[in-house]
Amino acid sequence: MKRAFQVFSLAATGILVLGGCAQRMTPPLGSISAAASMGSCHAATPKPDAPYNRSYVVNGRRYQPLTTADGYDRSGTASWYGWESGSVTSMGTPFVPQAFSAASRELPLPTCVRVTNLANGRSVEVLVNDRGPFVDGRLLDLSYGAAKVLDMIHSGTAVVRVEALAPSPATTTTTAPNPSAGKPAEIFLQTGAFQQLNLAIRERQRLQAAGIGPLLIVPGLVRGVTFYRVQIGPLANPSVAEALGARLRQSGTAQVLVVQQ
């Protein structure tokens with residue numbers, strides 16, 4: 001699909017793009033990952049002739065999805081993608097960042113897989129319902145919710161094992177597990193959206209120098225063009241967001257948008 005890679009720590013430049021002065025703690029495994037490990041993902045048998053399972057071309061390169069996920073067990077680098085308001089997956093369903101979903105170039109849609117972070121042993125079951133990542137060396141793009149469970153939000157990438165799970169023939173409606181359903185939306189402030197990554201990094205550094213954080217650079221697509229969004233948060237409540245937004249505007253920040261997810 002069209003998912004851009006999640007920005008991560010740039011070893012070549014020594015610039016930490018994610019995390020920065022963030023003091024946000026990733027939650028322990030607890031109930032959220034336990035629920036995911038107990039088989040919360042259900043998907044019907046993929047249809048090879050569905051439009052989203054046919055051969056497709058992205059950036060001049062042709063991809064041919066597998067006709068079955070039976071026996072699929074691979075290891076590689078996973079990244080994650082976040083807020084893209086109003087976007088849909090390759091299957092035509094809404095993309096919900098907090099749900100447990102993923103994008104794969106080759107797995108048939110839909111497919112449930114178990115993803116394990118090989119660095120810490122954390123696992124989560126996710127629904128593969130999208131296409132991507134179209135970046136060399138990446139095996140899977142995970143939703144924000146899944147990446148959070150695997151403790152890879154601030155690193156941006158992780159080496160993972162991806163194991164396909166058996167389909168659920170009786171399933172008629174395929175949805176990604178969403179443990180955050182019914183919970184209050186998280187609040188972020190967005191100070192810019194840039195087509196060039198280096199400009200997003202520069203904006204992040206400006207905010208960091210002012211003692212503002214936690215900070216994320218979140219890639220997203222607008223009419224097929226990748227933009228890198230600089231966001232502050234999550235913030236405690238709307239009052240905190242309003243106060244920080246006023247402070248940013250007074251200091252000369254031209255664009256301050258409230259993003260709720």
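Under 30 Å from Val57 (Cβ atoms), in contact (Cβ under 8 Å) with a residue 40 or more places away in the chain and of a type in the set (Asp, Glu): does that describe Asp141? Full working, then the answer.
Values: under 30 Å from Val57 (Cβ atoms): yes; in contact (Cβ under 8 Å) with a residue 40 or more places away in the chain: yes; of a type in the set (Asp, Glu): yes.
Yes, satisfied.
What tally of residues in region 186-215 results from selecting those that are open to solvent by 50 Å² or more (accessible area, probe 1.4 Å) and part of a loop (DSSP other than H, G, I, E, B)?
Count: 4.
I'm checking my understanding of the structure. Among residues of region 94-122 that are within 23 Å of Asn59 (Cα to Cα) and part of a loop (DSSP other than H, G, I, E, B), which one is modelled with the lowest pLDDT? Full working, then the answer.
As a first pass, look at region 94-122 and keep what is within 23 Å of Asn59 (Cα to Cα): 95, 102-109.
Applying the additional criterion that residues be part of a loop (DSSP other than H, G, I, E, B) yields 95, 104-109.
Values: Phe95: 85, Ser104: 96, Arg105: 95, Glu106: 96, Leu107: 98, Pro108: 97, Leu109: 96.
It comes out as Phe95.
Inside region 112-167, can you point out the residues that are touching a Gly at 6+ places or on another chain (Cβ under 7 Å) and among the aromatic types (Phe, Trp, Tyr)?
The answer is Tyr144, and nothing else.
Is region 48-55 home to any residue that is open to solvent by less than 40 Å² (accessible area, probe 1.4 Å), out of contact with any Gly (no Cβ under 6 Å at 6 or more places or on another chain), modelled with pLDDT under 50 and more than 30 Å from Ile212 (Cα to Cα)? It would help to see each step written out before you state the result.
Applying the first criterion (open to solvent by less than 40 Å² (accessible area, probe 1.4 Å)) to region 48-55 yields 50, 53.
Imposing the further condition that a residue be out of contact with any Gly (no Cβ under 6 Å at 6 or more places or on another chain) reduces the set to 50, 53.
Applying the additional criterion that residues be modelled with pLDDT under 50 yields none.
No, that holds for no residue.
Which one is modelled with the highest pLDDT among residues in region 76-93 that are closer than 17 Å to Phe227 by Cβ and open to solvent by less than 60 Å² (accessible area, probe 1.4 Å)? Can you show your working first?
Within region 76-93, the first condition is being closer than 17 Å to Phe227 by Cβ, and the residues that meet it are 79-87.
Those left that are additionally open to solvent by less than 60 Å² (accessible area, probe 1.4 Å): 79-84, 87.
On the way: Ser79: 89, Trp80: 86, Tyr81: 81, Gly82: 71, Trp83: 63, Glu84: 55, Ser87: 74.
It comes out as Ser79.
Could you grab me the full set of residues in region 61-70 that are open to solvent by 80 Å² or more (accessible area, probe 1.4 Å) and in a loop (DSSP other than H, G, I, E, B)? Let's see the steps before the verdict.
Our first condition is that a residue be open to solvent by 80 Å² or more (accessible area, probe 1.4 Å); within region 61-70, this holds for 61-62, 64, 67, 70.
The answer is Gln64, Thr67, Asp70.
Can you work out which of the residues in region 124-142 that are on the phi < 0 side of the Ramachandran plot and at pLDDT below 90 is nearest to the chain's Cα centre (by Cα)?
Residues of region 124-142 that are on the phi < 0 side of the Ramachandran plot, as a first pass: 124-131, 133-136, 138-142.
Checking which are at pLDDT below 90 leaves us with 133-136.
Numbers: Pro133: 11, Phe134: 14, Val135: 14, Asp136: 17 Å.
So, considering only residues that are on the phi < 0 side of the Ramachandran plot and at pLDDT below 90, the one nearest to the chain's Cα centre (by Cα) is Pro133.
Taking the conditions exactly as written (of a type in the set (Asp, Glu), open to solvent by 50 Å² or more (accessible area, probe 1.4 Å) and touching an Asp or Glu at 6+ places or on another chain (Cβ under 9 Å)), does Asp73 satisfy them or not?
Working: of a type in the set (Asp, Glu): yes; open to solvent by 50 Å² or more (accessible area, probe 1.4 Å): yes; touching an Asp or Glu at 6+ places or on another chain (Cβ under 9 Å): yes.
When the stated conditions are applied, Asp73 passes them.
The values are calculated or read from the model by the stated rules, or taken from the named source; none is laboratory data. What you see is a predicted model; the values in this text were computed from it and never measured. As a convention, Cβ positions derive from the backbone with ideal geometry for all residues, glycine included, and neighbour counts pool all protein chains shown. Protein only, heavy atoms only, side chains kept; ligands, DNA and RNA dropped before computing areas. Shrake-Rupley method; radii C 1.70, N 1.55, O 1.52, S 1.80 Å.
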